[in-house]
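Asker: One structure follows; several queries about it will come next.
Nothing in this text is a laboratory measurement; each read-out follows from the coordinates by a stated rule. Quantities reported herein were computed from a predicted structural model and do not represent experimental measurements. Reconstructed Cβ throughout: ideal geometry from the backbone, glycine too, with neighbour counts over all protein chains shown.
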Amino acid sequence: MTYLLGLRMRDRDVLVVGGGRVAQRRVPVLLEAGARVTLVSPEVSAALEDLADAGRLTWVRRPFEPGDVVGPDAPAYWLVHAATDSAEVNAAVATEAEDSRIWCVRADDRHASSAWTPASGRSGGITVGVVASGDPKRSAGLRDAIIDGLAEGALDARRGRERLNGVALVGGGPGDPGLITVRGRRLLSQADVVVVDRLAPTSLLDALPSDVEIVDAAKIPYGRSMTQDEINSVLVERAKEGKFVVRLKGGDSFLFGRGGEEAAACAAAGVPVIAVPGVTSALAAPTGAGIPTTHRGVAQDVHIVSAHVAPGDARSTVDWGGLARSNGTIVALMGLGRIEAIVEALTSNGRPEDTPVAVVQEATLPSQRTVAGTLADIAATVRSAGMRPPAVVIIGEVVRTARELDILHTGPQSDLDRLATGRDLE
């Protein structure tokens with residue numbers, strides 16, 4: 001039978017004996033908790049040596065010696081980890097700690113250990129620790145199941161003494177629900193209100209508790225949608241009602257997502273607001289299609305532009321002439337409907353007509369499609385293929401590189417299926 005405690009380790013001394021794989025796993029967690037770590041080992045891994053060189057821990061470069069735990073020169077340790085490859089050394093460390101009534105974790109023998117390190121994880125401000133009779137694999141499996149349940153909302157963690165309040169602007173990623181960040185998923189699971197766009201990973205909403213209010217902001221091009229002012233008002237009003245609001249949208253909130261306007265509206269109203277980065281389709285679409293946005297010797301720069309306003313329009317702030325004269329990769333969002341104007345702006349300013357182009361539709365989703373061509377024919381190609389938004393336009397030699405390397409994907413993709421079957425899917 002064990003008695004679990006949560007230890008507050010900030011500014012408390014911890015001794016770790018051993019510098020191998022076990023120590024490499026445990027030391028960063030101790031440092032994250034604020035502990036002062038002394039590491040005793042003649043050799044350590046590269047990662048631990050880097051921490052020592054950075055002054056994050058004290059490295060005593062020699063084998064363990066009697067008195068290291070409680071000797072006259074030793075700090076007053078609160079916790080000891082015996083993590084060497086020698087059972088004899090670990091036993092000596094544990095004995096010295098036991099004689100001084102200091103808890104000691106033995107990495108090699110759970111039955112001889114006075115303390116066990118739980119499989120731990122965090123989700124939305126909750127720390128989970130699992131101890132399954134000292135069995136690390138079983139503990140880790142249970143820990144992962146609990147953390148996943150908290151992140152997905154299957155375990156309702158919203159109710160407690162300290163509720164979240166304010167607004168979180170969460171970038172949901174390019175479409176595949178598995179590409180939302182861990183932090184974004186955790187915050188979503190604690191929402192009282194979710195204001196969502198059509199390009200967000202909306203399948204995640206089904207896992208939320210039934211009492212979560214879902215506000216559909218739509219954002220359908222040239223169709224039904226809430227205005228930005230209406231969205232801002234909903235965020236502020238619901239937050240002022242004491243509810244935790246998640247603004248869930250596709251990609252990244254601050255990359256052509258108007259997240260800055262929403263953050264400003266919240267700040268002006270005195271509502272706490274945070275922004276959680278998301279995987280932008282500007283980078284996910286090329287990667288999902290097997291196109292490297294940069295490649296050694298081919299492209300050293302990437303230009304991400306919005307074509308929501310067409311080239312030549314007085315409202316456009318994009319220097320299309322400058323882009324045409326560059327040799328870097330151009331990634332255009334919201335450009336499918338203006339593909340002819342983009343081609344004209346680039347070729348009239350010097351980009352060769354044989355410059356490779358690819359258009360990726362519904363990137364990272366099972367319905368993903370990719371067509372490729374050149375500036376000379378891409379407009380006709382996307383029209384004949386019936387390509388439709390959302391789509392990302394990639395312009396540059398990296399498209400040719402993808403073809404030459406035979407990594408360009410044209411059809412629906414399933415990364416896991418490719419790994420499972422060992423073959424490409426076209």
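Asker: Per residue of the stretch 87-101, what does 6.51 cos²θ - 1.76 cosθ + 1.60 with θ = phi - 60° give for ³J(HN,Hα)? Whole Hz please, x for Gly and Pro, Karplus curve as stated.
Answerer: Listing the rounded values in order: 4, 5, 5, 4, 5, 5, 4, 5, 5, 5, 5, 4, 4, 9, 6 Hz.
Asker: Which part of the stretch 255-275 falls in the paramagnetic zone of D313, meaning amide N under 17 Å from the point 7 Å along Cα-to-beta-carbon?
Answerer: Counting only backbone N, you get 256-258.
Asker: List the GluC sites (Glu not before Pro) within the stretch 1-70 that fall in a DSSP loop (any state other than H, G, I, E or B) and whose Cβ has at most 11 other Cβ atoms within 10 Å.
Answerer: Sites meeting the loop and neighbour criteria: E43.
Asker: Of all the stretches in the chain, which is the longest one without any exposed loop site, taking chymotrypsin sites (Phe, Trp or Tyr not before Pro) in a DSSP loop (any state but H, G, I, E, B) with at most 13 other Cβ atoms within 10 Å?
Answerer: Working: sites that count: Y3, Y222.
It runs 4-221.
Asker: Moving on to the next point. Show me 364-370, 176-182 ranked by packing, highest mean number of other Cβ atoms within 10 Å first.
Answerer: For the peptides 364-370, 176-182, the packing ranking is 364-370, 176-182.
Asker: Between D377 and A112, what FRET efficiency follows from the Cβ-Cβ distance if R0 is 60 Å, with the result rounded to 0.05?
Answerer: 0.25
Asker: Find the relative contact order for the stretch 182-274 and round it to a whole percent, using C-alpha pairs within less than 8 Å whose residues are 6+ positions apart.
Answerer: About 32 percent, as a whole number.
Asker: Calculate the translational D of the chain in whole µm² s⁻¹ from Stokes-Einstein, where the hydrodynamic radius comes from the Kirkwood formula applied to all Cα pairs, the temperature is 37 °C and the viscosity 0.692 mPa s.
Answerer: Estimated diffusion coefficient is 130 µm²/s.
Asker: Based solely on its DSSP helices, what 222 nm [θ] is calculated for the chain when runs of n ≥ 4 H residues each add -39,500 (n - 2.57) and the sum is averaged over all residues, nearest 500 deg cm²/dmol?
Answerer: Counting only the DSSP helices, I get -8500 deg cm²/dmol.
Asker: Now for a different question. Highest mean first, what order results for 347-354, 331-338, 190-197 on Cβ atoms within 10 Å?
Answerer: Taking the mean over residues of other Cβ atoms within 10 Å, the ranking is 190-197, 331-338, 347-354.
Asker: Tell me, what is the percent relative contact order of the chain, built from C-alpha pairs under 8 Å that lie six or more residues apart?
Answerer: Working: 829 pairs, mean separation 40.8, N = 426.
Normalised by residue count, the contact order of the chain is 10 percent.
Asker: Can you tell me how much longer the chain between D85 and L5 gets when fully stretched, taken as 0.36 nm per residue apart minus their C-alpha distance, in nm with one decimal?
Answerer: Here the segment from D85 to L5 would lengthen by 26.0 nm.
Asker: Can you give the charge dipole size of the chain about its Cα centre, rounded to the nearest 20 debye, using +1 on the beta carbon of Lys and Arg and -1 on the beta carbon of Asp and Glu?
Answerer: 700 debye
Asker: A further question follows. Report Rg(Cα)/(2.2 N^0.38 Å) for the stretch 202-334, keeping two decimals.
Answerer: My calculation over the Cα atoms of the stretch 202-334 gives 1.29.
Asker: With springs only between Cα atoms under 10 Å apart, run a GNM on the chain and tell me which of V29, V17, V343 wobbles the most.
Answerer: V29
Asker: Excluding same-chain residues fewer than 8 positions from K137, which aspartates and glutamates have a Cα within less than 18 Å of its Cα?
Answerer: D108, D109, D148
Asker: With springs only between Cα atoms under 10 Å, which of P75, P277, P174 fluctuates most in a Gaussian network model of the chain?
Answerer: P75
Asker: Most mobile of S100, S233, S316 per a Gaussian network model of the chain (Cα springs, under 10 Å)?
Answerer: S100
Asker: Go through the stretch 1-49 and name the trypsin sites (Lys or Arg not before Pro) that are in a DSSP coil and have 14 or fewer other Cβ atoms within 10 Å of their Cβ.
Answerer: R8, R10
Asker: Moving to a separate point now. Hey, can you grab everything whose amide H is under 5 Å from the amide H of S253? Only 5+ residues off in sequence or another chain; H modelled, so Pro and N-termini drop out.
Answerer: Long-range HN contacts for S253: G171, G278.
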